[in-house]
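Below: the structure, in structure tokens.
The values are calculated or read from the model by the stated rules, or taken from the named source; none is laboratory data. Being a predicted model, the structure only gives us computed values, none of them experimental. Here the Cβ positions follow ideal geometry from the backbone for every residue, glycine too, while neighbour counts run over all protein chains shown. These accessible areas exclude ligands, DNA and RNA; they are computed on the full protein's heavy atoms, side chains included. Shrake-Rupley method; radii C 1.70, N 1.55, O 1.52, S 1.80 Å.
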Amino acid sequence: MNADHSPRAEVVIDLGAIRDNLGLLASRAAASGAETMAIVKADGYGHGALPVARAAVRAGATWLGTCSLAEALDLRDAGITTRLFSWLDTPDVDFTPGVERDVDFSVSSLAELERVSSAAAGAGKPARVHLKIDTGLSRNGCPPYAWPDLVKAAADDPRIDVVAMWSHLACADEPGHPSIDAQAERFADAYEIARGVGLNPLRHLANSAATLTRPDLHFDLVRPGIAMYGLNPVPQAEKLTPAMTLRSSVVLTKRIQPGESVSYGHTWTAERDTTLALVPVGYADGVPRTLSGRMSVWLDGRRRPVAGRVCMDQLVVDCGDHEPALGAEVVLFGSGARGEPTATEWADTIGTIDYEIVTGMYRPRVRRRYLGEDDG
Ligand SMILES: *Cc1c(COP(=O)(O)O)cnc(C)c1O
């Protein structure tokens, strides 16, 4: 199948854009002596963890990060040999296969340390651990009052190889927010305590926003996610290219007269004779129903409004006196380069973040196609 077929619902991922975006982030990191861990959790933010991981490694990432061990092992199964880090699982997950297959683990508590340590015993080799200090996000991570005991226990355990210490920022997407410096200060205190028990861990703290705005917080490793996918977490302009496009096709057109209404609830009524184009994509394919009445699509060289409600499997475009061809391409969102809507615009319209829009495209019914797999 080539690019000219008429998809029902198709996500196109531009791996060249991912390489360019990651390359930019990695060069920022390298300028302050840091390596780059590309974050590919949640199936690469809906872009496909494996192709994204390969693109990121090719563009300079020396680490990959996933949320769960299962996500990390999927990458190992697919032949990824890059350093892998995973940070969140439930207490019943057996870490042994992770230790065996060189997945680094985050540890936030003595209980977690104990579990990783017994996995190391089972695997017959030390476990690589990144101790997580909670510097103020109050999510996972070890609270400062428990940190001295945790670093001591980790330092004393011969089955534990403390590779790094790390934390995560709460408000990095609001440059200048006072919590950023406050978290950095607690991070520095925690580092001193770790040094005090003889550890010499790598440090990592920066997500995409901090990678772009706070070189002083790059330390040894940065952990960008969203910016690699081309979505900018900070207001200032960076040369990032959104990698994901959602497209569909026109499957039916019809003329309607003034006074005729469209879609469930008849929330939209034609004021003049107009041509409607039916597009077979809906909220089951990741188009939020809350965009009803507030969205347009890119069709035949311009934006055209969606008439009435977004349904589960379909939506209807008001084309005025234009008659699109059957099979004509409909771009729901893309990079914005041609004037089409973007995931960021969708998010702004419905009051969420673009992370949720693209991650929500992780859907079995929506086909994925990759561009730029071979070049570069
Ligand atoms: C998701 C995540 C990141 C990446 O954050 P972005 O804002 O997408 O750059 C980094 N670190 C941790 C711990 C995360 O959960």
Where does each of 205-214, 107-116, 319-328 land if you order them by average Cβ count within 10 Å, highest first? 205-214, 107-116, 319-328
Compute the Rg to Rh ratio over the range 235-318 from the alpha carbon atoms, using the Kirkwood formula for Rh, and round to two decimal places. 1.04
Show the residues, 5+ positions off or on another chain, whose built amide H is closer than 5 Å to the amide H of Cys311. Tyr283
How large is ³J(HN,Hα) for each residue in the range 145-159, as worked out from phi by the Karplus curve 6.51 cos²θ - 1.76 cosθ + 1.60 (θ = phi - 60°), to whole Hz, x for Gly and Pro? 5, 9, 5, x, 5, 5, 5, 5, 4, 5, 5, 7, 8, x, 7
HN-Hα J couplings of the range 66-73 from phi, Karplus 6.51/-1.76/1.60, θ = phi - 60°, integer Hz, Gly and Pro as x? 10, 6, 9, 4, 4, 5, 5, 5
Å³ per residue of the Cα convex hull, for the range 57-103? 63
Semi-axes, largest first, in whole Å: what does sqrt of 5 times each Cα gyration tensor eigenvalue give for the range 15-229? 25, 23, 14
Apportionment of accessible area to carbon and sulfur, the chain, percent (1.4 Å): 50
So, with +1 on the Cβ of K and R and -1 on the Cβ of D and E, and no other charges, what is the size of the charge dipole of the range 275-376 about its Cα centre, to the nearest 20 debye? 340
Cα-based Debye curve of the range 244-371 sampled at q = 0.14, 0.16 Å⁻¹ gives log₁₀ I(q)/I(0) of -0.57, -0.75
Based solely on C-alpha atoms, express the radius of gyration and the Dmax of the range 71-189 in angstrom. 15.2, 47
If each DSSP helix of 4+ residues adds -39,500 (n - 2.57) and the sum is divided by the residues in the chain, what number results at 222 nm, nearest 500 deg cm²/dmol? -8500 deg cm²/dmol
Please report how far the C-alpha centroid of the range 97-117 lies from that of the range 146-217, rounded to the nearest whole angstrom. 18
Express the C-alpha Rg of the range 152-234 as a ratio against the empirical globular expectation 2.2 N^0.38 Å, rounded to two decimals. 1.21
For Val107, other-chain or 5+-apart residues with amide H closer than 5 Å (H placed, Pro excluded) are His130, Leu131, Lys132
So what J values fall out for the range 281-292 if you push phi through Karplus, 6.51 cos²θ - 1.76 cosθ + 1.60 with θ = phi - 60°, rounded to Hz, Gly and Pro as x? 9, x, 5, 5, 9, x, 8, x, 5, 5, 7, 3
Extent along principal axes [Cα atoms of the chain; Å; largest to smallest]: 79, 42, 39
Going out from 0 in 5 Å bins, what whole percent of all Cα-Cα distances in the range 1-138 drops into each bin? 2, 10, 17, 18, 17, 14, 11, 6, 3, 2, 1, 0
Amide H neighbours of Ala206 under 5 Å, counting only residues 5+ apart in sequence or on other chains, H built in-plane at 1.01 Å? Arg223
Net charge around Asp157, counting only other residues with Cβ within less than 13 Å of its Cβ (Lys, Arg = +1; Asp, Glu = -1)? -1
